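Trainee: Below is a structure I'd like to ask you about.
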Protein chains: 2
Amino acid sequence: MSPPPIVRSRKSLRTTDSPINFYIQKALETPGLISLAAGLVDEGSLPCEAVAQACQAVLLDPRRGPAALQYGSTQGLPRLREQVLHLLGQADGCSPHELNLTPDDVVLTTGSQQLLYLLAEVLLDPGDIVLTEAPSYFVFHSVLQSHGVQVLGVPVDEGGLCLPALEELWEQLARQGAAERVKLLYTVDYFQNPTGWTLAAERRPQLLELVQRFSRRQRVLVVEDAAYRELRYEGPDLPSLKSLDRDNRWVVYAGTFSKPCAPGLKCGYALLPPEIREPILHLKGNHDFGSAHLVQHLLAELIDRGEYQRQRDRLRPLYRHKRDVMLDELAATLGQEAGIRWSRPAGGLYVWLAFADLDTGPQGALAQAALEEGVLYVPGEFAYLPADGERPPHHACRLSFGVATPEQIREGIRRLHRAVRRVRHSTGTASAGQLNSPAVPPRGTVA
Amino acid sequence: MSPPPIVRSRKSLRTTDSPINFYIQKALETPGLISLAAGLVDEGSLPCEAVAQACQAVLLDPRRGPAALQYGSTQGLPRLREQVLHLLGQADGCSPHELNLTPDDVVLTTGSQQLLYLLAEVLLDPGDIVLTEAPSYFVFHSVLQSHGVQVLGVPVDEGGLCLPALEELWEQLARQGAAERVKLLYTVDYFQNPTGWTLAAERRPQLLELVQRFSRRQRVLVVEDAAYRELRYEGPDLPSLKSLDRDNRWVVYAGTFSKPCAPGLKCGYALLPPEIREPILHLKGNHDFGSAHLVQHLLAELIDRGEYQRQRDRLRPLYRHKRDVMLDELAATLGQEAGIRWSRPAGGLYVWLAFADLDTGPQGALAQAALEEGVLYVPGEFAYLPADGERPPHHACRLSFGVATPEQIREGIRRLHRAVRRVRHSTGTASAGQLNSPAVPPRGTVA
């Protein structure tokens, strides 16, 4: 007799597999494939020796070794929390004191993803509204879907979040009486995933003003996901939204050591306004009462030795080169075709490639042709949440120059070019005129 | 002008600080204190050199080093999942094949606590019912409270969960039409936290039969929290409930490397019935898309070298000695007083000390006197959830011999004895006759 069914929670029923997992898994079965899809980091430059040395130093120290292998605290190693503040102060050119911040305002998490999850859990009930960029980071979209909230996308352009569109959306919500359901505004404001674009300097204070203006009955928190900030290849470092929030009231700054150091350490951090620090810690106490303690000691040692800083600085020219290889190859191949544009990111890991005509979806001809040619991209529609049951924009791709070597990037773009030509040849579409009429999402644009 | 308030989620409002944190923090301010409260592990025996060597071996290997510092998968390192299965098979004397288990059924988590959290999230909606031992592991109680579920405690005795009491409770629920809200039965079935007692061999199949019998419309999953299984100081290893669940349908087995190896690695694991494996992974994908990858490589290396197994075996005589020191000192001191009993655990980290008369609560005279004498215990009431607003049983203490040295254990028990005498002297209570009339909780007993 088969046992009766397991009855799952409402939250579990709302929590689906990310489409990207299925897609990547399927693609992994294709031998010889070049993945420009994965958000992994460059492998050859991972700091194996430096971490091994830090590990020796920490574990063979009779005081720190046993401490590192013992339980830590829910909030995380105090020394590393101090260092996080110091590094942020350096990046923003101001002291933690000026920002009203102390190590008590920092929490260390299992990657910055855990912080995003905890934030959603602390703030969101089904029916609440979250404002995000469209397109945006799809794993956070999954988190929001799981919490049963309504996600409204705001278009982005080369200068990041379009503030007039945000204002218009918010006014519309206010007229509908829905503005007080807005709890969070989520922005990847440095070298965004998936477009590579950065929130322009002049928009930063304006964004905060807008959020404050529309925070009438309840405070709308800004989540500044700065995951790619350290991977900056040109231009000055822009001040964080956090640094403009002098009283530590409006902005949660989420950072990570995954991109500038090593994802395998899985250590993220956040700066939290005081009203949500304890609630976040109580939840994290239930999740795990503290992330891996050894890893926190290793990072503190790497920072004390300057190894972390050297690694971060070493990565810049390396990724800049890979980005340039991708952009050059795009110009040499797809640049010869009509109706194709792409972003030119000043940092991060991604180029956003937009077609006037082609359907880039996982079931479409381009995805199929690309697989047959041996290259994988992330269909742009994964970076949107469908609104009102409509299919989201599906004429763009996210291309990553993170894990692929320069040779693989070059060859991957060539394969993509061949796939585009095959599809266009067989369907006979595409002309320059179509560039101006991409599919426009309900609230947002492929840009 | 102060900003408007942050409006938190219903879940956050249900998630409170564990009382133990406040208590421990307050106590930490007392210099010279001996803590018999903390659930930490023995510090001198932590395998610093072995982990340092494993770290060198992994990170300086040109293939594994970069892999260990790169992102891993949500489910965790395949090699370590294989090893987990192998170790479990060894402990239970059967092959994974016989249990219908493959490495696909294993998930690696940020300590076993994360698994407990994910399970609660996947299964529980507010109003659902969870059956636990009374007393039980208080951090899981916090998780359950946060999920808004009703927690019903079943008494435990020297043989673990009292099955007649469980059956009676379940029949009562069935009569009330509430049985179909029962989703989980949680048991720490080896050397329980906080009593130190183990579920007797003959009760194991009976427990499973009972669960199957009462799983009428929905399946009630058994969570077997085996966190202390490897810390066994005498007697044979009893078969896990999991090993009695031949079709992998009823039992989630939660294990950890924290106790038998090192909490600082923060790696737990679970064996999951197939119907909840994907739902758990989807949620974990949102939490962190995989725990720290480096740590998983380190553990795989420690197991391959046999270092993990040697460490686990080395710990047994060490903790056995500390347990014996605590039991001997209890006999020599509190054993001379009337109305006091304690458990004699065959493993784990805890002794449960029950008074016929004294209030052990954090606001009581004993807690105050103990602090003044310089010793800290966990008030037993923290290990119960209050039912119907009534104060839970408050005449026991949890004493840990985990982190204290033998000398500290001896001195700590002496201090506790002085505290007991001071309180009894000042209140003039206690006689042998009172032993038989301890406060009895609504559903459960201090035992």
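What follows is calculated from the coordinates using simple rules that are stated; it is not laboratory data. Bear in mind the structure is a predicted one, so any value in this text is a computation, not a measurement. Ideal geometry is used to build each Cβ from the backbone, glycine not excepted, and the neighbour counts take in all protein chains shown.
Trainee: Taking the label point as lying 7 angstrom from Cα along the Cα-to-Cβ axis, what are the distances from A:R213 to the corresponding position in the remaining copies, in ascending order and in nanometres?
Mentor: 6.9
Trainee: Follow-up question, since we're still on this one. Contact order normalised by length for the range B:49-307, with contacts defined as Cα pairs under 8 Å and 6 or more residues apart; what percent is it? All intermediate terms of the calculation are to be shown ahead of the outcome.
Mentor: Numbers: 427 pairs, mean separation 73.8, N = 259.
This gives 28 percent for the range B:49-307.
Trainee: For the range A:200-354, rounded, prolate or oblate, judged on the Cα gyration tensor with a ≥ b ≥ c (square roots of eigenvalues), a/c < 1.5 rounded, else prolate if a/b > b/c? Write out the running numbers ahead of the final one.
Mentor: Working: a/c = 2.25, a/b = 1.30, b/c = 1.74.
Oblate.
Trainee: Along the charge dipole of chain B, which of B:N21, B:N100, B:L221 sits closest to the positive end, that is, farthest toward it, with unit charges on the beta carbon of Lys, Arg, Asp and Glu (+1, +1, -1, -1)?
Mentor: Projecting each Cα onto the dipole axis, the largest value belongs to B:N21.
Trainee: Hey, another quick one. Along the charge dipole of the protein assembly as shown, pointing to its positive end and built from +1/-1 on Cβ of Lys, Arg, Asp and Glu, which listed residue (B:P164, B:Y253, B:H425) has its Cα farthest out?
Mentor: Value: B:P164.
Trainee: About its Cα centre, how strong a charge dipole does the range B:49-307 have in debye, to the nearest 20, once Lys and Arg get +1 and Asp and Glu get -1 at the Cβ?
Mentor: On the way: 23 positive and 33 negative charges, 101 e Å.
Rounded to the nearest 20 debye, it is 480 debye.
Trainee: Can you pull the mean other chain C-beta count within 10 Å for peptide B:45-55? Could the numbers behind the result be given before it?
Mentor: Numbers: counts 2, 7, 4, 11, 3, 1, 7, 8, 3, 2, 10.
Mean partner shielding for this stretch: 5.
Trainee: Any idea what the relative contact order of the range B:130-233 is, in percent, if you count C-alpha pairs under 8 Å spaced at least 6 apart? Numbers along the way, then the final one.
Mentor: Details: 140 pairs, mean separation 30.9, N = 104.
Relative contact order comes out at 30 percent.
Trainee: Once you measure Cβ to Cβ distances between cysteines in chain A, which Cys have no partner under 4.7 Å?
Mentor: Result for chain A is A:C48, A:C94, A:C162, A:C261, A:C267, A:C397, no neighbouring Cys Cβ within the cutoff.
Trainee: Suppose each label sits 7 Å from its Cα in the direction of the beta carbon; what would the B:R314-A:Q145 distance come out to in nanometres?
Mentor: 4.8
Trainee: Follow-up. Taking the Cα centre as origin and putting +1 on Lys and Arg beta-carbons and -1 on Asp and Glu beta-carbons, what dipole magnitude results for chain A, to the nearest 20 debye? All intermediate terms of the calculation are to be shown ahead of the outcome.
Mentor: On the way: 47 positive and 51 negative charges, 86 e Å.
The dipole magnitude comes to about 420 debye.
Trainee: So, one more: Mind checking which of B:S146, B:S400, B:S12 has the largest fluctuation in a GNM of chain B, springs on alpha carbons under 10 Å?
Mentor: Between B:S146, B:S400, B:S12, it is B:S12 that shows the largest mean-square fluctuation.
Trainee: Just to confirm my numbers, what's the Cα centroid distance between the range A:174-203 and the range A:17-96 in Å?
Mentor: 27
Trainee: Taking B:P3 in one copy and the same position in all the others, each labelled 7 Å out along Cα→Cβ, what are the pairwise distances from the first, in nm, shortest first?
Mentor: 4.7
Trainee: Sort shortest first the distances from A:S426 to its counterpart in every other copy, using label points 7 Å along the Cα-to-beta-carbon line, and give them in nm.
Mentor: Nearest first, the other copies' label points are 8.7 nm away.
Trainee: Report the charge-dipole magnitude of the range B:136-232 in Debye, nearest 20, computed about the Cα centre from +1 at each Lys and Arg Cβ and -1 at each Asp and Glu Cβ.
Mentor: On the way: 11 positive and 12 negative charges, 86 e Å.
Its charge dipole is roughly 420 debye.
Trainee: Given contacts defined as C-alpha pairs under 8 Å and at least six residues apart, what's the relative contact order of chain A, whole-number percent? Intermediate results must be reported in sequence, preceding the final value.
Mentor: Working: 818 pairs, mean separation 103.0, N = 447.
This gives 23 percent for chain A.
Trainee: Apply the Karplus parameterisation 6.51 cos²θ - 1.76 cosθ + 1.60, with θ equal to phi minus 60°, to every residue of the range A:302-308 and state each ³J(HN,Hα) to the nearest whole Hz, in sequence, with x for glycine and proline.
Mentor: Values per residue, Gly and Pro as x: 4, 6, 4, 7, x, 5, 4 Hz.
Trainee: When A:L327, B:L294 are ordered from fewest to most other Cβ atoms inside 10 Å of their Cβ, what list results?
Mentor: Working: A:L327 19, B:L294 28.
Listing A:L327, B:L294 from fewest to most nearby Cβ atoms yields A:L327, B:L294.
Trainee: Taking θ = phi - 60°, what integer Hz values does the Karplus form 6.51 cos²θ - 1.76 cosθ + 1.60 yield along the range B:61-68, in sequence order, with x for Gly and Pro?
Mentor: Computed from phi, the couplings for the range B:61-68 are 7, x, 8, 7, x, x, 4, 5 Hz.
Trainee: Can you give me the long-range amide H partners of B:V375? Hydrogens built in the peptide plane at 1.01 Å from N, cutoff under 5 Å, separation of 5 or more residues or another chain.
Mentor: Long-range HN contacts for B:V375: B:I34.
Trainee: What FRET efficiency comes out for B:Q172 versus B:C94 if R0 is 60 angstrom and r is the Cβ-Cβ distance? Round to the nearest 0.05.
Mentor: After rounding to 0.05, the efficiency reads 0.95.
Trainee: Show the residues, 5+ positions off or on another chain, whose built amide H is closer than 5 Å to the amide H of A:D357.
Mentor: Those lying under 5 Å, H to H, from A:D357: there are none.
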